[in-house]
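See structure below.
Each value in this text was obtained by applying a stated rule to the coordinates, not by laboratory testing. Being a predicted model, the structure only gives us computed values, none of them experimental. All Cβ positions, even for glycine, are placed from backbone atoms using ideal geometry, and neighbour counts span all protein chains on display.
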Amino acid sequence: MALPVEKLGTTYEPQTTEIDGARAQQYAAATNDDNPAYSAGKVAPPVFGVVPTWGAMGAAAAIIPGEAAMFIVHGEQDMHFHQPLVPGRSITTTGESYSIRVGGSGTRYTVKVVSNDTDSGEPVLTQYVTLFIRGMSDGESGGPDKPDHEFPAEARDHKVGDFSVHVDDDQTYRYRDASGDMMPIHVDDDFAKSVGLPGIIAHGLCTMAMCSQAVIKTVADGDPTRLKRLAVRFAANVFPGNDVETVIYDAGTSDDGNKVYAFEATSQGDLVVKNGLAEVAG
């Protein structure tokens, strides 16, 4: 079983959706984020950007054979914010089969998802979504490298802060309803155990949203519109009832003048998010 490398470079039918203000507020509440910019409806939380783009992501992910569906895990998420996610804005999103990397333990498949303002055509959000298909070690690699967000070792000497968010016992149910991510491993304890997990696990993107809260409150003065990039690699599972603790480090300045921060997150002593990178406008 292998992914069709000939599909790389294919773009799929554009999909037009609206950034739903009420749902964005629900999403903020479902990730325990009390930022007043969200509750007032001024902007949507950054990671909410996945919600109106699910359809385009799914179209590009459809090249994965159905029999591999239960072996897919969300490996990495890299979000580039060109404009704030303003409720009521209409965006048109296109998914592209971007790259395939085959390894001994499985295959990494990256989808590039581009959202533009429907009226002006200006870019709003670009995402690189990497899925890991466990056990798929056949086939060819191809396509360009995705943008890098490796943790720079020298940043460890420049810690700037840390922030903790609790994962509530009902977190996964609230996140399911707000995000539309219906994977049963997050809400069905018996199903989670049937696929080898000890129980229900938190959604990776919920954990990422908690990291975004840490970044915005710690190094962006609480202003989500200053966040220009947020990238993570999911490293381990997070379980309800525990905390997500994010530690942030100064990693210098980007070529376009943004402050760059590296971060990692742990839960119950386990590294759950690695290679975290955030860019924040001055």
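The table below gives the values:
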quantity: Relative contact order %, the chain, counting alpha carbon pairs below 8 Å whose residues are six or more apart; calculated: 20 percent
quantity: Part-to-part distance (alpha-carbon centres) for segment 100-174 and segment 184-237, which is given in Å; calculated: 12 Å
quantity: Per-residue ³J(HN,Hα) for segment 176-193, Karplus 6.51 cos²θ - 1.76 cosθ + 1.60, θ = phi - 60°, Hz, x for Gly and Pro; calculated: 3, 5, 6, 9, x, 7, 9, 4, x, 5, 9, 9, 10, 4, 5, 5, 4, 5
quantity: Kirkwood hydrodynamic radius of the chain, from inverse mean 1/r over distinct Cα pairs, in Å; calculated: 19.1 Å
quantity: Debye, to nearest 20: dipole size of the chain, +1 on Lys, Arg Cβ, -1 on Asp, Glu Cβ; calculated: 160 debye
quantity: Relative contact order (percent, whole number), segment 104-260, Cα cutoff 8 Å, 6+ residue spacing; calculated: 24 percent
quantity: Relative contact order (%) - criterion: Cα under 8 Å, at least six apart; region: segment 1-120; calculated: 37 percent
quantity: Simple spin-label estimate for A40 and D169 in nanometres, 7 Å along Cα-Cβ; calculated: 3.6 nm
quantity: CD proxy at 222 nm, helix term only [per DSSP H run n ≥ 4: -39500 (n - 2.57); per residue of the chain; nearest 500]; calculated: -5500 deg cm²/dmol
quantity: ³J(HN,Hα) computed for each position of segment 246-251 - Karplus, 6.51 cos²θ - 1.76 cosθ + 1.60, integer Hz, glycine/proline x; calculated: 9, 10, 10, 10, 6, 10
quantity: Stretch gain in nm, segment D138-D119, where the contour uses 0.36 nm per residue and the Cα spacing is subtracted; calculated: 2.5 nm
quantity: Potential lengthening between D162 and D255 on full extension [0.36 nm per residue; Cα-Cα distance subtracted]; calculated: 30.9 nm
quantity: M1/K193 FRET efficiency (R0 35 Å; Cβ-Cβ; nearest 0.05); calculated: 0.85
quantity: Test item: Cα-centred dipole of segment 1-146, Lys/Arg +1 and Asp/Glu -1 on Cβ, debye; calculated: 200 debye
quantity: Ratio of Rg to Rh over segment 130-268 (Cα coordinates, Kirkwood Rh, two decimals); calculated: 1.00
quantity: Lys/Arg +1, Asp/Glu -1 at C-beta; the chain dipole; positive extreme among S39, A262, P65; calculated: P65
quantity: Phi-based couplings in Hz for segment 79-90 (Karplus 6.51, -1.76, 1.60; Gly and Pro marked x); calculated: 10, 10, 9, 8, 9, x, 7, 8, x, x, 6, 8
